[in-house]
Amino acid sequence: MSTSRYDRCVPTHPYHHGDLRRTLLEAAAASIEANGVEALSLRQLARDAGVSHAAPSRHFRDKQALLDALAEDGFNRLATSLNEASQGVAATPAAARRRFEDLGRGYVAFALAQPTLLSLMFGLKHAPDARAELLAAGHESMALTMRVIVAAQEIGAIGPGDPQHIALVAFATFHGVATLTSGGLLDGVPADELVATASELFWRGLQPQMAVAPDLAPGT
């Protein structure tokens, strides 16, 4: 009998008197990466956790509620990952640039490790009926990126500009790197190498513009 990748990841010991909500979220995250969102089953998660079929309903009223919680948890974990990756004080322009690159590396690493979850996160965040808690969690990663941009602007490492717009373009850049890498569309170019190059080019475009003296007319 064939088994899925998720089946091979199911703990051999059933859940016992712990945080059932966390157990279900972690199992659901593993399940969607292995088998896709459509195959996710609350009954199967309960069975694997060794609890009754009704037990998950104490935390998630239905599959959609579980998916919403999974997306919110994903954004919270993404924010934590980005915060850890970009820790440090940008006291010099060089440090500010490294901090920006580390932020990009953190995002790409998260995206490559959990591509299905990432797609779910942004899909539900932009749904018309997205929950307020999910929206708040989703905005935190962008807010963190904006703080990195503002800190760099404050020490003159990059020029002025709307931090929100800059952060959005930075997000699009690193998300593109992750998407192309996970799709095998970069002809084997390592993601780390592309992140470094993208960061350098992006940062170079943000440098303060040097004043250029006008050409002098002949004889002046």
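The values are calculated or read from the model by the stated rules, or taken from the named source; none is laboratory data. Just so it is clear, the structure is predicted and the values come from calculations on it, not from any experiment. As a convention, Cβ positions derive from the backbone with ideal geometry for all residues, glycine included, and neighbour counts pool all protein chains shown.
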Residues within the range 43-70 that are surrounded by fewer than 20 Cβ atoms within 10 Å (Cβ to Cβ) and either over 13 Å from Leu120 (Cβ atoms) or among the β-branched types (Val, Ile, Thr) (or both), tallied: 15
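Would you be able to tell me the number of residues in the range 172-185 that are surrounded by 14 or more Cβ atoms within 10 Å (Cβ to Cβ) and under 17 Å from Ala113 (Cα atoms)? Working first, answer last.
From the range 172-185, those surrounded by 14 or more Cβ atoms within 10 Å (Cβ to Cβ) are 173-175, 177-182; that's our starting set.
The next check asks that each one be under 17 Å from Ala113 (Cα atoms); those that pass are 174-175, 177-182.
Qualifying residue count for the region: 8.
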Among (1) more than 22 Å from Gly88 (Cβ to Cβ); (2) crowded, with 16+ Cβ neighbours inside 10 Å - the single one Glu133 does not satisfy: (2)
Close pairs (7 angstrom Cβ cut-off, 6 or more residues apart or separate chains): in the same structural domain as Glu101 (by TED's automatic domain parsing) in the range 177-199, part of a loop (DSSP other than H, G, I, E, B) and surrounded by 14 or more Cβ atoms within 10 Å (Cβ to Cβ) anywhere: Leu180/Leu186; Leu194/Leu186
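Among the residues of the range 31-89, write down those that are in contact with a Gly (Cβ under 6 Å, 6 or more places away or on another chain) and outside the structural domain of Ala167 (by TED's automatic domain parsing).
From the range 31-89, those in contact with a Gly (Cβ under 6 Å, 6 or more places away or on another chain) are 75, 81-82, 85; that's our starting set.
Of everything in the range 31-89, nothing turns out to be in contact with a Gly (Cβ under 6 Å, 6 or more places away or on another chain) and outside the structural domain of Ala167 (by TED's automatic domain parsing).
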Hits in the range 122-165 - residues which are free of Cβ contacts under 8 Å to residues at least 60 places away in the same chain, assigned to a helix (DSSP H, G or I) and farther than 28 Å from Gly205 by Cβ: Gly123, Leu124, Ala132, Leu135, Ala136
